[in-house]
Structures are given as structure tokens and as C-alpha cells.
1. Using the Cβ atoms and a cut-off under 11 Å, what net charge is assigned to the surroundings of residue 31, where Lys and Arg are +1 and Asp and Glu are -1?
2. Give, in whole angstrom and from largest to smallest, the semi-axes √(5λ) of the equivalent ellipsoid of the range 1-95, with λ running over the eigenvalues of the Cα gyration tensor.
3. When only alpha-carbon atoms are used, what values of Rg and Dmax, in angstrom, describe the chain?
4. With a point put 7 Å past each Cα toward its Cβ, work out how far residue 141 is from residue 3 in nm, to one decimal.
5. How many lysine pairs are close in the range 239-388, with Cα atoms under 23 Å apart and the two 8 or more places apart or on different chains?
6. If you restrict to DSSP beta bridges whose two residues both lie in the chain, what percentage is antiparallel, to the nearest 5?
7. Given points 7 Å out from each Cα along the Cα-Cβ axis, report the residue 92 to residue 127 separation in nanometres with one decimal.
8. Simple spin-label model, 7 Å along Cα-to-Cβ: residue 191 to residue 276 in nm?
Amino acid sequence: MRIFFRLVGLLLVLLLGVLLWNTYRLPSRQLTDVAPAPEIPVSDSAVLHLSRAIQIPTISDSAQKDTSQFEAFVQFLENSYPRVHQHLERERINRYALLYQWKGSNPDLKPILLMGHYDVVPVIEGTESSWTKAPFSGAMQDGYLYGRGSLDDKSTVLGILESVEYLLGQDFQPERTVYLSFGHDEEVSGLLGGKALAQMLEKRDVKLEMVLDEGGTIKTDGVAGLNQPVALVGIAEKGYTSVQLTAHGEGGHSSMPPAKTSIGMLATAIDNLQKSPFATNLGGTVGEMLRFLGPEMPFMQKLAIANLWLFEPLLISTFSATNSGAASTHTTIAPTILKAGVKDNVLPIDAQAVINFRILPGDSVQGVVNHVKAAIKDTNITVESLSAFDSEPSAVSPPDADAFQQLHRAIKACYPDVLVSPYLVLGATDARYYRRLSENIYRFTPYQLDEEDLKRPHGTNERIRIATYHKMIQFYATLLSSMAK
Ligand SMILES: [Zn+2]
């Protein structure tokens, strides 16, 4: 018996040794040798430009009938950025999508492309009076500039243009060609903007060193238990599909119903589906995030991340505790539409439900359909894919690539106290259309937001801190001058 306890004790000591050894060996992935970026003298005109841009209501609705605002915006850019329009070649695709080319002196270097969109979502009727400043006023108060588009995504478009205008004023000549692409319908699918722009570059056989689109932000209140600002650089985005389930009943009088009406069958199917969630996966993008942030975590978390072989279930339950955490570790299932019945005493014939899925990289649209069929186990229910907005999950862009390192460097140069981490974009961006143009597609918007601010894009009181906007211009100028030289 004593030998047994000794053996157990020895094993425990060994285990502890292995755990500590792995924790100790977990290398930091943060760059530490980055010199601070030079301050850029941002003129008042830069902020006024953004204010003016917000006052042009380039609202994307599905019909997008009022194109005069889009024309006005294109003219506004021409007037506001004279050097850009003198030195860069500009093309208009489908009239309002814009592609700028800043020719580099060395054709052997693959070009980079910075992108954004200048359309905005509407303001929900009845919420206008809840805004501190009117949503299309571009008004400033207490160091903030208010308005629809101030975060999503006019600050990106204008921040990029300000930085190029500034660099041109410094006689900067890029060695590497720089493309800027600005879509005008991102909020309603991006088909005429982002997609058309990407297809045109593809036709010209352009291969890009890097694509940078909107995406993750600098989360000032940290992520995953880290109380430190973290720059979240999207290295992949989830796919999208919706599936329609139809249960077929016989109809008739509700006084003599069958054991299960079409509504009952459908309800069972949805219940079965929700009881069969997609597998949770801590590899892929989340794995990369753990590699970047794990070493910076407090000791116990670091120990768990360094020893995933033992603590994976614990980490999975930590991720699953929040909706956003769960969404980044598996394909999500969201029933969104239910249709059946017309009258309380009439049995419905067909009952229909639409289920929306956001697909984790590694899964696929077809995989989702197969999963649904297997989970509902009812051949009387028709399963149809609604393919209108289907998109496969993106490839995962490597966080070890030189382009990512350059991005990492530019972030650290402008925001020295920030940790950098890859992450998975849960929504969809126009960047997905560029998948054949580059292996290095990153989704990152260089502004600082906290959890509370994340409700502002598409919500009420969208606003940007003016000092943050200055930093965005500095970031783009830093990135361009290091990557394009
Ligand atoms: Zn956006």
C-alpha cells in the first residue's frame, strides 16, 4: 500500500513538472523591438473631412435608389484629396466602387491592397432622437465625432486617403505598388463593389502580398480574461448559409388532429437540431489566438493553455460560457424564421423554418446540410439550402507570414502597450471576395473600442474619438511607409 501511495506521489510530482515545464517554455509571440512611429502632424482639415463625409448619407438599402449621394461622395473625395487624385490612377467600377493604384517603382514586388467601404446602414426609424448628435450631422462633442459611418467604415476609407495624401506631401514614392479599393454596397452584399473590384483584379492576374480590410479592433478592455488592450487581427472569417426546413402535414379540421401536426414535426426537428451542436474546436484560428495570448496571461491561465492536452475540456467550457466565445469555436445554429398556420381552428399543411448557420473554417456549406439531415432524423421533412448568400468559410491566413509581422510591427509602433493576436471574424466582410488574390488576407481596423462601444457600429450613437482617428491615420501611414518602401 505504501508503495502505491509513493508511486502516486511520484506521478503527481512528474505531472506537475511537465505542466510547469510546458508553461515555462511557452514562448511569447509579441514583438518587443519596435521603435515608436513618428508623430504625424494631423491637420484640422483631416477631422473636418471625416465630418463632411458623414454628412453625405451614402445609405445602403437593398434597393439603393438614391445614387446622388454616392456621386456626391466620389466628388467629395476628389475635392478633398487633390494629391491622391493627381498621383494615383483611379478607376470607377459599376460607377461607385473605387480602385486607386499607386504605382510602385519596383514591379518585382507584389502589390498590397488596403480596402474599406463608404456605404453605411440606415438609422432605425424612431431612434434618431436617442443620438447625442444627429446621425448625419458629423457634429463633435467632448472629443468625439458623431455619426453613422464614423466607425463603420468611413474612418477607414478616409484614414487611408489622409495617410496617402500625407505621404505624397512628404514626396514618398512607394517601391511596392499600393492598391486602395473602396466598395459602395458592403452593407447589402458587396456584389457590385467589393466582389466586382476583386473580380477585376483577378482578371488582370494581380497577385497581392497582402489585403487589409476592416475587421477586428483594438479591444481596450481585453479579451479572454486579459485586462490589457488587445489588437485583434482577423485571419479568417466564418462562412454563411441558411437552410429551410419544411414539414408536410395534411391540413383539415383542428378537432381531429393527427398525433403530430406539421408544426409539431417541425418543432421536434428544430429541437433535435439544437441538441446536435457542431463539434467545438480549439484548433485553427482560436488555437492561433491562444498561442499569441496564452503566454501573456496570468499564471494559471497560461498553465492551462500550455497544457491543452490536459486542460482542453476546461478551456472549451470557458469559451462556451459566452455567446461570442462559443461562436468562435464552432459552427453556430440559429433558427431565425418560423412560418405556419393561418387560423386557430385549421391544421396547417406546411410548416417552415429557416435556420441560419455561421460556418467555422474547416466545415462547409454541404457539411452543414448533411449535418442537418442527420440531426433531424426525419425523412418527411424537406431540407433545402437557401443559397442566395451562401459563402464558404475563408481560408486561414498565416499569422507567421511576413505580411502579418509587418502588420504586427505597425500596430506596436503606433500602440506600444497593445498585445497583438490573430482572431476569427464572426460576421462577413468584403475581404472574402479577395480569397484568390492573396494568401495573406487580414481584417483589422486600427481603432480602440471597449465592449460597450461594440454596439455602436450599426447601432445608436456611433462615434469615434477624434484622438483615435488621428492614430488611425498614423497607423496607415506607418504601415504604408514600411511595407511599400
Ligand atoms: Zn463595415
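What follows is calculated from the coordinates using simple rules that are stated; it is not laboratory data. None of these values were measured; they are calculated from a predicted model. Positions of Cβ are generated from backbone atoms using ideal geometry, with glycine treated the same way; all protein chains shown enter the neighbour counts.
1. Details: positive: 29, 409, 412; negative: 33.
Once positives and negatives cancel, what remains is +2.
2. On the way: eigenvalues 820, 102, 34 Å².
One finds semi-axes of 64, 23, 13 Å for the range 1-95.
3. Rg, Dmax (Cα atoms, Å): 25.6, 87.
4. 8.1
5. 10
6. Details: 45 of 69 bridges.
Bridges in the chain that DSSP calls antiparallel: roughly 65 percent.
7. 3.2
8. Taking the two extended label points, one gets 3.2 nm.
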